[in-house]
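Before anything else, here's the structure in question.
None of the figures in this text is laboratory data; all of them are computed from the coordinates on show. Every value quoted in this text rests on a predicted model; they were computed, and no experiment measured them. Here the Cβ is made from the backbone with ideal geometry for all residues, glycine too, and neighbour counts use every protein chain on show.
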Amino acid sequence: MLRVAIYLWALPVTLVGLLVALIARSSGGRQQRVDGVLEISGGWPARVLRHGFPFSGSVAAITLGHVVVAVSQAALDATRAHERAHVRQFERWGVLMVVLYPVAGVLAALRGGHAYIDNVFEREARAAETPPRQ
């Protein structure tokens with residue numbers, strides 16, 4: 001029951017991700033499901049990711065709820081731990097993440113940091129990339 005609630009909480013953003021997945025699939029992209037997350041690589045969305053965004057420049061992958069869109073299969077493999085942290089953030093914050101993420105970027109910039117690199121959500125995702133030191 002809790003798992004269903006978590007998926008429903010993130011569903012509005014996941015639906016946007018599914019639309020991107022449909023666009024990717026219709027433009028030559030590939031899809032696979034890994035651990036309950038739909039992973040998309042290639043197609044037109046990959047070109048958008050390579051072109052980049054104003055706050056981050058080009059990116060290897062982006063998470064939209066329970067959908068991860070990446071430039072390639074290799075990018076999916078390389079960013080899986082990072083993007084899974086973002087999936088957990090969407091599970092925690094739901095549709096609020098759409099507002100909280102840019103607000104966190106603005107706050108990071110106002111503190112003298114970089115809106116993307118110093119964004120608390122990105123810092124948490126980067127921390128998930130490597131196992132803790134012992």
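State which helices in the chain qualify, where a helix is a whole DSSP H run, it must extend 18 Å or more along its own axis by its Cα atoms, and its mean Kyte-Doolittle hydropathy must be at least 1.6.
Helices passing the filter in the chain: 2-26, 97-110.
Taking the Cα centre of each part, how many Å lie between region 86-106 and region 60-78?
17 Å
Which one, 104, 13, 114, is farthest towards the positive end of the dipole of region 2-127 when Lys and Arg carry +1 and Asp and Glu -1 on their Cβ?
Value computed over the given set: 13.
Efficiency by 1/(1 + (r/R0)^6): what FRET value for residue 78 and residue 22, r their Cβ-Cβ distance, R0 = 22 Å, to the nearest 0.05? Walk me through the numbers on the way to the answer.
Details: r = 24 Å, r/R0 = 1.11.
FRET efficiency, residue 78 to residue 22: 0.35.
Provide the net charge surrounding residue 9, with neighbours chosen by a C-beta distance below 15 Å and charges set as Lys +1, Arg +1, Asp -1, Glu -1.
Around residue 9, the charge tally is +2.
Amide H neighbours of residue 29 under 5 Å, counting only residues 5+ apart in sequence or on other chains, H built in-plane at 1.01 Å?
Amide H to amide H, under 5 Å and 5 or more residues apart or across chains, residue 29 pairs with 43, 44.
Now for a separate question. With only Lys, Arg, Asp and Glu charged, each at its Cβ (+1 for the first two, -1 for the last two), find how big the charge dipole of region 2-127 is about the Cα centre; round to the nearest 20 debye.
Computed about the Cα centre, the dipole is about 120 debye.
Among 99, 37, 69, which one shows the biggest mean-square fluctuation in a GNM of the chain, springs joining Cα atoms closer than 10 Å?
Comparing 99, 37, 69 in the GNM, the peak value goes to 99.
May I pose another question? Want the number for residue 35 to residue 56: 0.36 nm per residue separation, take away the alpha-carbon distance, what's left?
Between residue 35 and residue 56, full extension yields 4.8 nm more.
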